[in-house]
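Below: the structure, in structure tokens.
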Amino acid sequence: MRKTIFRSFFTLSLLAAFLTAGLIGTVFYFELYNEQKDGVRQVALYLETEVSISGEDNLSSLAGASDEYRVTLIAQDGTVLFDNYADPAAMENHLSRPEVQGALTSGSGEASRVSATMGAHTFYHAVLLDDGNILRVSRTTDSLWRAVYGCMPWMLLAVTAVGIISAVVARSRTRTIVEPINNLQLDEPLDNNVYEELSPLLLRMEQQYRQINATITELRRHQDEFAAITAHMREGLVVVNQRGTILSLNESAALLFDGTDQNYVGEYILSLNRSIPIQQVLNQALTGKPAEAALTKNGGEYQIIASPVISNGQLGGAVLLMLDVTERMAAEQMRKEFTANVSHELKTPLQSISGYAEIMQNGLVKKEDMPRFIQQIYQESQRLIALVEDILRLSRLDESSSDFEREDVDLLLLARETAERLMPIAERQQVSLSVSGEASILYAAPQLLSEIIYNLCDNAIKYNRPGGRVDVTVRRKKDEILLTVSDTGIGIPKEHQRRIFERFYRVDKSHSKETGGTGLGLSIVKHAALYHNAAIELDSKDGVGTKLSVRFPVKKALPDQPEKAGQER
């Protein structure tokens, strides 16, 4: 705007200067023209008067005189009678000359002619004398335009001076005009005291300013809401434009990319993560089609869902949602394994029972062997019943809504009662079983506490050595009660320790067949401990022994919604 105003001022000033110079030159030309005409006319009138007084013979005194005026006497028929510059006899007839014709017609005539070769300008004035002859006076000068051109350098100098002055003045006036506009208070347009012509513009600016502020406030509110929602999402969320440049992403998505919460807005998404699944779903989404893919990263399983963003019929970008399905996949895998294990564990005793029964039905068993076959059927059925009961216990513990009856329980006393029940088994295994510690009252479900103690002690006895030892201790600390079951058995190899609480998992399957059991004991222990918000600690060395500790927090009452027992670690 400043340049436009300056150019306008400067151009107008220069145009005015050039027009003024042109007008001056034109006026100067016509002034010279009229001056020459008047000079010739005055001389002609003077000579006319002199001829009237002294006669035509007095003109001979002008012959050969170096005068700037040329005097010619012409007869009515155009014959030249006298000329002070040339021989009349050698001159052509002048009857056709315009000034001569004018004198014959009206008593006086004038004309001017420019020589094409000499560039001279000649002015003529002729008057009709009393005797009928014509007296003509002429004056030849250089071209009048040449005189005007002679003044041109001074006129150009004047124009240059005017141009310089115009530039200075235009710059000053431009600054004066633009400065109030540059100093407009855009936050409060109506408070500006500037040109009246700007009032409609300022009023419109005020209206638009308030509309823009309202729009910005609304957008910020939506942005804050969006950021607040996405920031606390476990799922990764990425928004990209049609070129794949990241417009927005939450912390979960950033952590998935490289394990940091760095801000990647403005980066190209594939420069941060070049995984084939992300490339595939992104490319498909940017063609306008939704896509899904699975991604494995850092030991986790993720489901990538890409959806195109269509605005006004145009593809504006894509939204990528990254769901952490690690737990779901693990749970699905565990479900498959559990189903397979349950089928196997149920099938084995059922096949044994069916086989023994079929042999007996076909009469292939001797009478004296009948009790042994019946005993085998009984044992397999008991094993089947124990397995079903353990599965039912786990199923009940898996339900977060399960409500076991709770009361104040002396954990030391309960441990002693449970040990008494296991004493016959310990004696058969040639393992000593002892319980020690201090009375510790715990508000809990006695049925589940008994399951914990029983299964821990039962495993410690089964996987012990003849002459081995199982020690059960109960200790009360500041804010917890510690139940510890330690043995001198075969121990658990380190590579198996992470999985011993899984359902049906056995370290030594061949030995497990000999010792019996359903493979669900430690899984029941884990879920029962979780129900009481207790933590389990394992310390075991292969060939040395195992120590399992359960830390119960001391609370008068359990939480209204205990942690779901079915969650796997």
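Going through the stretch 51-79 one residue at a time, which ones are closer than 24 Å to PRO98 by Cα and acidic (Asp, Glu)? Answer for the stretch 51-79, where residues must be closer than 24 Å to PRO98 by Cα and acidic (Asp, Glu): GLU56, ASP67, GLU68, ASP77.
Contact map, the stretch 413-434: residues that are in contact (Cβ under 8 Å) with a residue 24 or more places away in the chain and within 15 Å of VAL474 (Cβ to Cβ) paired with residues that are of a type in the set (Gly, Ala, Ser) and loosely packed, with under 14 Cβ neighbours inside 10 Å, Cβ distance under 8 Å, separation 6+ or inter-chain. Pairs shown: LEU413/ALA439; ALA419/SER434.
Among residues of the stretch 341-357 that are modelled with pLDDT under 70, those with a beta-carbon under 6 Å from a residue that is aliphatic (A, V, I, L, M) at least six positions away or on a different chain give the pairs GLU345/LEU387.
Look at the stretch 156-176: where a residue is β-branched (Val, Ile, Thr) and a partner is modelled with pLDDT under 70, sitting 6+ places away or on another chain with Cβ atoms under 8 Å, you get VAL169/PHE9; THR174/ARG2; THR174/ILE5; THR174/PHE6; THR174/PHE9.
Pull up the stretch 307-330, narrow it to residues that are outside any strand (DSSP E or B) and among the small types (Gly, Ala, Ser), then point me to the one that is surrounded by the fewest Cβ atoms within 10 Å (Cβ to Cβ). For the stretch 307-330, the residue satisfying everything is GLY313. Within the stretch 424-442, not a single residue is in a helix (DSSP H, G or I), among the small types (Gly, Ala, Ser) and either closer than 20 Å to ALA534 by Cβ or in contact with a Phe, Trp or Tyr (Cβ under 6 Å, 6 or more places away or on another chain) (or both). Taking the criterion of being without any contact (Cβ under 8 Å) to a residue 60 or more places away in the chain and surrounded by 21 or more Cβ atoms within 10 Å (Cβ to Cβ), the residues of the stretch 464-486 that qualify are ASN464, VAL470, VAL472. Do we have ILE536 as buried (at least 18 other Cβ atoms within 10 Å of the Cβ) and at pLDDT below 85 here? Against the criterion (buried (at least 18 other Cβ atoms within 10 Å of the Cβ) and at pLDDT below 85), ILE536 does not qualify.
The values are calculated or read from the model by the stated rules, or taken from the named source; none is laboratory data. All values derive from a computational prediction rather than experimental measurement. Glycine also receives a Cβ, built like all others from the backbone with ideal geometry; neighbour counts cover every protein chain displayed.
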